[in-house]
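K.L.:
This structure is in structure tokens; I'll ask about it shortly.
The values are calculated or read from the model by the stated rules, or taken from the named source; none is laboratory data. Here the structure is a predicted model, which means the values were calculated and not measured. With ideal geometry, Cβ positions are generated from the backbone for all residues, glycine too; neighbour counts draw on all protein chains shown.
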Ligand code: NOJ
Ligand code: MG
């Protein structure tokens, strides 16, 4: 079996535009990120997912690529990239790049060729359909709203775009496209990166017959989130076509040629557990599709338990999942749930069975900023603007939050940097930042938290979630009180870590509202038995 280092790793997503600006232009960049690796090492992070740094006109802030093998000057150059990668590796960390397969920028030379004429040799690299300019080929809509088709006046055909009209969809049924993108993957693996976060991994293959999507029934609730116009359709035909699995198999075949355990984390917005599971294949597709179930869960013991068990119930023994609560597309945890629940989120992310994915700034409880008209999605559907979760990393409480020397960064600074900054929270042992760090230390110390099995335990109260993670030699029990009242329960001795109100009371303990406790619950007899028989 190839090295599966990613099972035990803790990932941290960096949105490069907003992490650290080294040259004072107001945009974060690679040298800036490199200068902040101390923070990640101190926190206890093992791997970085870097959102796109490729050459791009930035219509979708880097998710619209014009050259997959070049670094955008905003972020630096290839030398800066190589230096950053060396620094990451020299600290024993790993680097995962974003891989955008579904589309390119409309300014990509491939699309420029493709749209130049019907008989251009790259015409078929994108998805073109004939017709008349008043009648798109079908009723599909773009994720960002509006039709998923745009009319090209010059050649008199429609081209498809799952996202912006400036992000035309590649035609993955064309073997030349497949080969070109495999070349991109190889390029970065040869440079030394450790894997990919695969953008829109479920969307790259659609119905070749272009059948219309049916409308959602009245009262339909999207398991992901309210999606505006896109949410008014059941996406039966414009994502998840079975041919997508062949693409993931081909990618896996390639990544497995590298014997250092290349990870592929696919962005799969699929909430049906069995359809989600299909993206693992029988172990020959994505190594670890993203699991968003905790992120979209209501914050009650019952809902969170259901989200966990939904995944636990279907995951085969050989497969491994991850847990995440936020990224550059979502409202920040502390804004969604509040500060107390953000602490519970930190505990769950780092103690459930699966690889934690943290989003920059969540470790200090950064809050969402407002729509600034930077994100094109927000221009179409203002409540879906992603500007709010992309504000500059709050390194300090200074007016520029230690992000940039520029008078005004590319996007305004978010709320409350006085309390929500690395500098402020480093000096406060009770801070969220220290909680994250302690949790990651605990995870390193405890094998059961990293690789152990999961079981939900009987709970003393409907508002309390109790679970155990265990291996043959060690067990860790976690109790999370989602309720507003203190709960009385028995705990297995002195806790390893507590959050919020925790009172021992003879044989019993009181777990305060919103509180968490983590215990070593290793049964001594069983542990001895295991060690003497091995
Ligand atoms: C998903 C990415 O996470 C998002 O930021 C982007 O806009 C779309 N895919 C299009 O690439
Ligand atoms: Mg800069």
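K.L.:
In the range 428-446, which residues are under 14 Å from residue 498 (Cα atoms) and without any contact (Cβ under 8 Å) to a residue 60 or more places away in the chain?
P.N.:
Once the filter is applied, which keeps residues that are under 14 Å from residue 498 (Cα atoms) and without any contact (Cβ under 8 Å) to a residue 60 or more places away in the chain, the range 428-446 yields 429, 430, 434, 438.
K.L.:
Yes or no: the range 193-200 includes at least one residue that is touching a residue at least 24 places away in the same chain (Cβ under 8 Å) and over 24 Å from residue 359 (Cβ atoms).
P.N.:
The initial filter retains those residues of the range 193-200 that are touching a residue at least 24 places away in the same chain (Cβ under 8 Å), namely 193-200.
Right, trim to over 24 Å from residue 359 (Cβ atoms) and you get none.
Within the range 193-200, none of the residues are touching a residue at least 24 places away in the same chain (Cβ under 8 Å) and over 24 Å from residue 359 (Cβ atoms).
K.L.:
Take the range 132-168 and flag every residue that is under 22 Å from residue 378 (Cβ atoms), within 26 Å of the chain's Cα centre (by Cα) and not in a loop (DSSP other than H, G, I, E, B).
P.N.:
141
K.L.:
Among the helices (runs of 4 or more DSSP H) contained in the range 419-534, which hold 2 or more residues that are closer than 30 Å to residue 319 by Cα? Even if it seems obvious, please write down each step before you answer.
P.N.:
Working: elements: 422-426, 432-445, 447-451, 524-533.
Output list reads 432-445, 447-451, 524-533.
K.L.:
Quick one: residue 201 ticks every box in (1) within 13 Å of ligand 1 (Cβ to nearest atom); (2) not in a loop (DSSP other than H, G, I, E, B) bar one, so which box is it?
P.N.:
Condition not satisfied by residue 201: (2).
K.L.:
While we're here: Only one of these is over 17 Å from the mean Cα position of the chain (by Cα) and outside the structural domain of residue 483 (by TED's automatic domain parsing): 387, 375, 362. Name it. Let's see the steps before the verdict.
P.N.:
Numbers: 387 fails: over 17 Å from the mean Cα position of the chain (by Cα); 362 fails: over 17 Å from the mean Cα position of the chain (by Cα).
Checking each option against the conditions leaves just 375.
K.L.:
May I pose another question? Only one of (1) surrounded by fewer than 19 Cβ atoms within 10 Å (Cβ to Cβ); (2) within 14 Å of ligand 1 (Cβ to nearest atom); (3) closer than 30 Å to residue 447 by Cβ fails for residue 90. Which number is that?
P.N.:
(2)
K.L.:
State all residues of the range 328-340 that are touching a helix residue (DSSP H, G or I) at 6+ places or on another chain (Cβ under 8 Å), in a loop (DSSP other than H, G, I, E, B) and closer than 22 Å to residue 431 by Cα; if no residue qualifies, say none. Steps first, please.
P.N.:
Filtering the range 328-340 for residues touching a helix residue (DSSP H, G or I) at 6+ places or on another chain (Cβ under 8 Å) gives 328-335, 337, 339.
Checking which are in a loop (DSSP other than H, G, I, E, B) leaves us with 328-332.
Scanning the range 328-340 gives 331, 332.
K.L.:
Within the range 42-78, count every residue that is within 14 Å of ligand 1 (Cβ to nearest atom) and farther than 22 Å from residue 201 by Cβ.
P.N.:
Going through the range 42-78 one residue at a time, the tally reaches 2.
K.L.:
Okay, next question. On the given criteria, is residue 118 farther than 26 Å from residue 267 by Cβ and touching a strand residue (DSSP E or B) at 6+ places or on another chain (Cβ under 9 Å)?
P.N.:
On the way: farther than 26 Å from residue 267 by Cβ: yes; touching a strand residue (DSSP E or B) at 6+ places or on another chain (Cβ under 9 Å): yes.
So residue 118 fits the description; yes.
K.L.:
Considering every residue within the range 432-444, establish whether at least one is modelled with pLDDT of 95 or more, more than 17 Å from residue 361 (Cα to Cα), crowded, with 16+ Cβ neighbours inside 10 Å and under 26 Å from the mean Cα position of the chain (by Cα). Step through it out loud before you land on a result.
P.N.:
Our first condition is that a residue be modelled with pLDDT of 95 or more; within the range 432-444, this holds for 432-444.
Keeping just the survivors that are more than 17 Å from residue 361 (Cα to Cα) gives 441-444.
Filter once more, keeping what is crowded, with 16+ Cβ neighbours inside 10 Å: 442-443.
Still in the list and also under 26 Å from the mean Cα position of the chain (by Cα): 442-443.
Scanning the range 432-444 turns up at least one residue that is modelled with pLDDT of 95 or more, more than 17 Å from residue 361 (Cα to Cα), crowded, with 16+ Cβ neighbours inside 10 Å and under 26 Å from the mean Cα position of the chain (by Cα).
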